[in-house]
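Here the structure comes first, spelled out in structure tokens, and everything after it is commentary.
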Amino acid sequence: MKFTKMHGLGNDFIVLENLKEALSLTKEQITFLCDRKFGIGADGLIIINPSQTHHIKMSFYNSDGTEVEMCGNGIRCFAKYVYDNNIVRENPLYVETLAGLKITYLEIKEDEVMKVQVNMGAPIFECSKIPIHLDQENALNERLSYNGQEISYAALSMGNPHVVIFVEDVQNYPIKEIGVFFENHPLFISKTNVNFVEIIDHDHIKVITWERGAGLTMACGTGACASATVGVLRGFINQEIRATLPGGDLHIKVKDDIYMTGEAIKVFDGEITL
């Protein structure tokens, strides 16, 4: 089976073509492929499928084998692969996902995609659509108790569920412990991604994300969008900001829809036998 390894700010993916719709992988096979010791190694798996409604369709799986709605860094890599490999030569590129239509705008240099801007759509605040077990309009100012400590958080969806927690010093915060606690808390019906955010100034934030089904990653595009959205709503930051993630920077613009711009990098091609 042929594959391509790609990354967006160090958030790395295996990309597989399924244009003839003949590919069928089990959860165990996906987990094996993403395993960093016995397989290829990746935070997630991207499958390129034909679409009946848009230019092309992206299916995305976390490294634990679960299919999820969307991946911000993943869709940038997806768009670059599709264009650079002459599968669809459209700009903008309309991508079908489980989270609905996503429109990608390609920055092209010498016939190669260098950066991708993604219209991530509007954030979702309704509790039933995040989804979260709260009988109220939204969950933008909530608290959970962890080991006797009250942790303030906001919950929303960017096509996938997110929690945003603002901290004073993101590098020295107990991210793994709090991340596991929130990801698996019964309040979150489909589990949740957890974003820890430090405000640098009105134009700059730092974000580290504990991703559901993957743990700590170098970058999370939807997480950066969720973090910027809550930061704007609380008056902490401006509508256009730089988000610094462990793997690099994203440019986020918060309007009615959220726009994310960042790099997409091809690492290598290969073959593997399942």
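Annotations
- Pairs, first assigned by TED's automatic domain parsing to the domain that holds A226 in segment 127-142, second aromatic (F, W, Y) and in a loop (DSSP other than H, G, I, E, B), C-beta under 8 Å, six or more apart: E137/F125; N138/F125; A139/F125; L140/F125
- Set F236, F188, F181, F166: member being within 26 Å of T97 (Cα to Cα), touching a residue at least 24 places away in the same chain (Cβ under 8 Å) and not charged (D, E, K, R): F188
- Residue match in segment 240-250 (condition: without any contact (Cβ under 8 Å) to a residue 40 or more places away in the chain, outside the structural domain of Y81 (by TED's automatic domain parsing) and of a type in the set (G, A, S)): yes
- Scanning segment 2-34 for residues that are in contact with a Ser or Thr (Cβ under 8 Å, 6 or more places away or on another chain), buried (at least 23 other Cβ atoms within 10 Å of the Cβ) and either of a type in the set (K, R) or in a strand (DSSP E or B) (or both) gives N11, I14, V15.
- Take the conditions (1) of a type outside the set (S, T, Y); (2) assigned to a strand (DSSP E or B); (3) surrounded by fewer than 24 Cβ atoms within 10 Å (Cβ to Cβ); W210 misses just one of them, which is (3).
- Count - residues of segment 234-255 that are more than 16 Å from N195 (Cα to Cα) and not hydrophobic (A, V, I, L, M, F, W, C): 7
The values are calculated or read from the model by the stated rules, or taken from the named source; none is laboratory data. In this text, all values refer to a predicted model and were calculated from it rather than measured experimentally. Cβ coordinates were reconstructed from backbone atoms using ideal geometry, including for glycine residues, and neighbour counts include every protein chain displayed.
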